[in-house]
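Notes follow the structure.
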Amino acid sequence: VIGSMVVAGVFAGGFFQIPGLNKQIDDLESQVNRLENSVVDLNDQVDELETVIGGLNNTVANLTSQVDILQEVNDNLNETNQQLNETVETLTIENQNLNETVTSLNVENQKLNDTVEVLNEQNQELNDTVNTLKVQNQQLNDSVTELEYINDNLTTTSQLLEGEVIILNNRVEDLNIANAALEQTNEELNENIQGLETEIFELEAQIDQLESILLALNDSIPINSTEWDDLLKALNETVSTNRQLVLTNLELYYDGVNQAWVCQYATDFAGEPFLETPNEPMGQPAYDNVIANVNTNVLLEMCLDVINYKLYVEFETGKDELQVNFNEIRSTVARYTQDAINYYFKEANEGGLTPIDWAKAGYECQNLPPEKRYIW
């Protein structure tokens, strides 16, 4: 039939047009534009990730500096503690010596009493000396008690500082791990951008070839229906291949959304108690803050409904909002987004979207009709 139409067109007007080819070329050009927009978006994300990496590097440097300062303070306190212990030992020895002196003076006093009439004034002076020494002895005892109390406090403070150093070292290690993951994600995004640029160049080359074919066909003799069928088949295969490339890159992007959140939440929630005790209930307002963060960084990026996700969490954990812990949020985010990805990139007969569904939406999930979006 197509061949007959072309032959009729040639005899009637002296030239012919290829049915549907111009529209396919327009579709291809539209896909190129969308791919170029995707490259721009990915470049923006790379810049944002580089900014986050820079912030994390600064945070790691600051925490490392704080660890060094606390270590120096701890060393100084240990040295002071040693000196105080030595002082206590010295004072204890002096106290013992003074006690021995008092005993000796008492003996001497007893001897002097035998000669009271002769040595009365001397005896009085010795008694005064004894009283003075007793006061000094009491003062020394009080000083020893006070120093022991100070020593106990310093020991407790030293233990607390050692605990803080351990916590800070763990935090630095966590940040280093998050930083490495972000750098890996950044490298993957750069590779995806390079792949998209290569695909764009290939599509542009294919469009140029199609335009050349169209011009050549307009100036050439009619072709038969078999040649038309082969040409249309080749064009359909090209369109199908390009659609699959776009969907593959979109799927990779959605995989990266959840991974980026996993790398980022340690920074977003730095200092929050639930990071230290991830198996304990978060309570309010921590739960609402975490859900808002997940919605902004994950759910909205994939056109997922936050209310539906909260129902999913309640069903999966069997807990209300006040009892959910952070580890349960992490695991449900991973499973919920993976289920969404499986739905978005399966064939319709497998319970998911088709390439045609994505093409109609311009490969933007925001353009999908509500009934086509993922709902648990």
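With all pairs of separate Cα atoms included, the stretch 42-98 yields a Kirkwood hydrodynamic radius of 15.4 Å. Modelled spin labels at residue 104 and residue 280, positioned 7 Å past Cα toward Cβ, are 6.1 nm from each other. Summing Lys and Arg as +1 and Asp and Glu as -1 over all other residues whose Cβ lies under 11 Å from the Cβ of residue 281 gives a net charge of -3. Expressed in units of 2.2 N^0.38 Å, where N is the residue count, the Cα radius of gyration of the stretch 87-147 is 1.34.
Each principal axis of the Cα atoms in the stretch 251-370 has its own extent, and those three values, largest first, are 47, 29, 18 angstrom.
Run the dipole for the stretch 246-331 about the Cα centre, Lys and Arg Cβ at +1, Asp and Glu Cβ at -1, nothing else charged, and hand back the magnitude in debye, nearest 20.
Values: 3 positive and 14 negative charges, 17 e Å.
Computed charge dipole of the stretch 246-331: roughly 80 debye.
Every read-out reported here was derived from the displayed coordinates using simple, explicitly stated rules and does not represent laboratory data. For clarity, every value in this text was computed on a predicted model and none was experimentally measured. Heads up, the Cβs are rebuilt from the backbone with ideal geometry, glycines too, and the neighbour counts pull from every protein chain shown.
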